[in-house]
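These notes are about the structure you will find just below.
Quick note: the coordinates plus some simple rules give every number you see, no bench work behind them. Here the structure is a predicted model, which means the values were calculated and not measured. In this analysis, Cβ positions are derived from the backbone assuming ideal geometry, glycine residues included, and neighbour counts consider all displayed protein chains.
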């Protein structure tokens, strides 16, 4: 069964300051994202162990550079203690085999229905999103245990140096499908570094 070792993971989420403070105070919850460009499907997205990248994204979002349903007014970063539960861990072989099988299954369904397969275009990763969502739908239809989370490396940015296959913003992204997996929120330290607007 695809998973990672037991224990908690630390994730970081970009948001507006008002939202972040409500989360810290326990008066709000993060809402799952369900956009067609959400490459790991529907869920709540976190950067694994990377508060600096979360802050970069929050600043870009507030400036209108990154897509979001609503741009942050004041960039903010929260940390979260997360239990991944049953994880589709796309940095290990068995999960990648499941992903490939799901793509083939979706292609057959789309062909039978007379529809073209979705495609990834730039930052719109409709194909990835639909394949991941197909996995969840197939599990549900076949009474299989659902995945609680998805974990994958994301090669973002320019080459880290000339000729490199490593990118300048390479990171591990988490998609959390259940609020219950988020055990608590915190302000990452040093606070002035990761939340300069506090």
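Among 97, 48, 156, the largest mean-square fluctuation in a Gaussian network model of the chain, built with springs joining Cα atoms closer than 10 Å, belongs to 156. Placing a label point 7 Å from the Cα of residue 120 along the Cα-to-Cβ direction, the residues of the stretch 60-101 whose backbone N falls under 13 Å from that point are 100.
Rounded to the nearest 10 degrees, the angle from helix 126-141 to the longest Cα principal axis of the chain is 70 degrees. Between the C-alpha center of the stretch 156-198 and that of the stretch 38-106 there is a gap of 9 Å. Helix 93-113 and the longest principal axis of the Cα set of the chain meet at an angle near 60°.
Computed across the stretch 29-138, the Kirkwood hydrodynamic radius from all distinct Cα-Cα pairs reaches 15.8 Å. Give me the angle, in degrees from 0 to 90, between the Cα long axis of helix 51-62 and the longest principal axis of the Cα atoms of the chain, rounded to the nearest 10. That helix lies at roughly 90 degrees to the long axis. Taking all Cα-Cα distances within the stretch 83-198, those exceeding 18 Å account for 65%. To the nearest µm²/s, what D does Stokes-Einstein give for the stretch 67-111 at 10 °C and 1.306 mPa s, using the Kirkwood radius over alpha carbon pairs as Rh? Approximately 110 µm²/s, per Stokes-Einstein. The three principal axes of the C-alpha atoms in the chain carry coordinate ranges of 54, 40, 30 Å, sorted with the longest axis first. If you build a Gaussian network model of the chain, linking Cα atoms that sit under 10 Å apart, which residue out of 50, 28, 83 swings the most? Evaluated over the chain, the most mobile residue of the options is 28. For a label point 7 angstrom out from the Cα of residue 140 toward its Cβ, which stretches of the stretch 25-39 have the backbone nitrogen within less than 16 Å? Counting backbone N atoms under 16 Å from the label point, the list is 32-36. For the chain, modelled as a GNM with alpha-carbon contacts under 10 angstrom, which of 149, 164, 34 fluctuates the most? Between 149, 164, 34, it is 164 that shows the largest mean-square fluctuation.
Rounded to the nearest 500, the 222 nm mean residue ellipticity of the chain from helices alone is -10000 deg cm²/dmol, with -39,500 (n - 2.57) taken per DSSP H run of at least 4 residues.
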